[in-house]
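In what follows, a structure is listed as structure tokens, so that the remarks can point back to it.
Coordinate-derived values only; no laboratory data. Quick caveat, the model's predicted, so the values are computed rather than measured. So basically every Cβ, Gly included, is an ideal-geometry build from the backbone, and we count neighbours across all protein chains shown.
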Amino acid sequence: MPAPQDTSSVSPHSLLRSVFGFDGFIGLQEPIINRVMAGGDALVLMPTGGGKSLCYQIPAMLRPGVGVCISPLIALMQDQVRGLTQMGVRAACLNSSLDPYEASDVEQRLETGQLDLLYVAPERLFKPGFMDFLARCNPCLFAIDEAHCVSQWGHDFRPEYMQLSVLHDRFPGVPRLALTATADAPTQRDIVANLRLERAEVFATGFDRPNITYAVQPKNNGRKMLLRFIRDNHPGEAGIVYRISRKKVEKTAQFLVDNGITALPYHAGLPQAERYANQERFMREEGVVMVATVAFGMGVNKPNVRFVAHLEPPKSLEAYHQETGRAGRDGLPASAWMCFGMQDIAILRSMIDSGEAADTRKRVEAAKLGSMFAFLETAGCRRQALLAYFGEDIEPCGNCDNCLSPVETWDGTVAAQKALSNIFRTEQRFGVNYLAQVLAGKRTDRIVSFGHDQVSTFGIGTELSQEQWKSVYRQLLANGLCSVDLERFNALTLNERSWPVLKGERPVRFRTDPAAPKRLKKKARL
Ligand code: ADP
Ligand code: ZN
């Protein structure tokens, strides 16, 4: 067991050097560490590979007592603890993988102050009596890793995470950090509310992953396209292929194997032993392609995953960002490749349409789907569209499919002006369907009751169909030229980027084949 370090006179910087072997902090590590050292809470939003771990590991070692990291991922905990122990850090974990003897050994070291860092699974934390036990162990900070798991909108929702607000009540003086690599605005609000982090300082470095190249293609025999993509771009390299169903996972894995690619399936319906064995092979061997449902991936910390492919679009850009973020953790070039078909669009679309009149949850889900749809459709830079969803404004990246080979577009400047002006005239209170109806001049009861048949934009958009206007709005949204208010029925609103368009200072182009809403009509009735 490593000897306890006398850290009373040690600075974060010297610990960074002596224990971790790094010369300087990166990103926002230093201000975050200072915040926690001073006893404050922090919400840390940093992309994968941004260096989140040190933000709590260093304060845990410097503050008297034990730092507690709550993580939903047992495999990841074990990796972390192994790495830390090798560097001489007094770290351990408590989770279901330990036998009772090992667990009681860890508990004894905790109680006698022999640990600086404890990784614990949330369900362990809420075992009867554990909080009282923890109170005797002098916790000096709580780090809540993968904090987006607290959001019920997200696809990684973990009910146990909801209970983590008790840490605030039970240990009011102990600083807490919530860390995540993926959180859009609704998820961030959930983290703050559900973890009681109202007083946390927010540290956000931006979610861009510059080494990932994004590309999206219309689907025409997805498996064959996938095979070509792998052969042309990533032969013999490790990758993850996401599919929507277990059956498709198995078929696609078999198809790749039949074509000479080392591919393995992963989904929640496989026996645990097989799942585990496949994951191990993916981690240890070079050049394995994992074909999986979304059940695979969180905490899969393989640095040299060279591509992530989607044969169906995920339900939100948040999920897409997280799933594609598993590529290129080592910082070397990597691909995020997706194809989507009319049927995938029809499914997304019907989920949006049926979500319209429903409760808040459905509305948020519908808005998330809408953003995904807009991303598929955009003629602009994919990275710009993706980051706009997280509230970041960047220049076109020059490194995505649309930047590298521009799609056919039409001059949409006037249409954009009409569309934005229509948002303004109807007081920024309505969603895409309503706005498209006003432009088309539909005298519905609702429109008449709001007096919007009297506004100057009523009926000025007959040159396009309502479907095309919806596409115009989605593309405006995708390019950050308007915003969506999730709190107010997904109303579209203007933002600071809308005004240059309205004033005629900024031309706008839309793509000509916007996921073909017209061709879709037949299939949508399937
Ligand atoms: P995250 O949890 O945000 O995905 P990690 O904490 O795992 O990121 O760190 C990502 C990588 O960056 C790791 O390999 C880590 O060793 C490295 N790293 C972290 N901080 C520094 C630093 N200050 N200097 C150099 N490398 C760092
Ligand atoms: Zn781009």
- Using alpha carbons only, how many degrees (0 to 90, rounded to 10) separate the axis of helix 342-355 from the longest principal axis of the chain? 90
- Note on the structure: Relative contact order in percent for region 104-183 (Cα pairs under 8 Å, 6+ apart) equals 32
- Item | Range of Cα positions in region 68-225 per principal axis (Å), largest first | 61, 35, 28
- Message: Suppose each label sits 7 Å from its Cα in the direction of the beta carbon; what would the residue 460-residue 126 distance come out to in nanometres?
- Response: 5.4
- Message: What does the charge count around residue 116 come to, taking other residues whose C-beta lies under 10 Å from its C-beta (Lys +1, Arg +1, Asp -1, Glu -1)?
- Response: +2
- Query: Taking Cα pairs under 8 Å and at least six residues apart, what relative contact order does region 53-166 come out at, in percent?
  - Reply: 36
- Task: Treat the count of other C-beta atoms within 10 Å as a stand-in for reagent exposure and order 44, 472 from fewest to most.
- Result: 472, 44
- Query: Quick one: if the Förster radius is 60 Å, what FRET efficiency do residue 433 and residue 20 give, using the C-beta to C-beta distance and rounding to 0.05?
  - Reply: 0.65
- Relative contact order (percent) for region 152-293, with alpha-carbon contacts under 8 angstrom and 6 or more residues of separation? 22
- Note on the structure: Whole-Å distance linking the alpha carbon centroid of region 286-322 with that of region 85-132 is 31
- Query: Counting DSSP beta bridges in the chain, what percent are antiparallel, to the nearest 5?
  - Reply: 10
- Item | Tensor-based shape of the chain (alpha-carbon gyration tensor, a/c under 1.5 rounded, otherwise prolate or oblate) | prolate
- Task: Tell me the label-point distance for the pair residue 108, residue 448, using the 7 Å Cα-to-Cβ offset, in nm and rounded to one decimal.
- Result: 8.2
- Task: Mind running the shape call on region 269-337? Use the C-alpha gyration tensor, a ≥ b ≥ c as the square roots of the eigenvalues: rounded below 1.5 for a/c, prolate if a/b tops b/c, oblate otherwise.
- Result: oblate
- Amide H of residue 484: which non-local residues (sequence gap of 5 or more, or other chain) have their own amide H closer than 5 Å, using H built in the peptide plane? 493
- Task: Could you tell me which of the pairs 248/368; 315/362; 224/248 are separated by over 18 angstrom between their Cα atoms in the structure shown?
- Result: 248/368
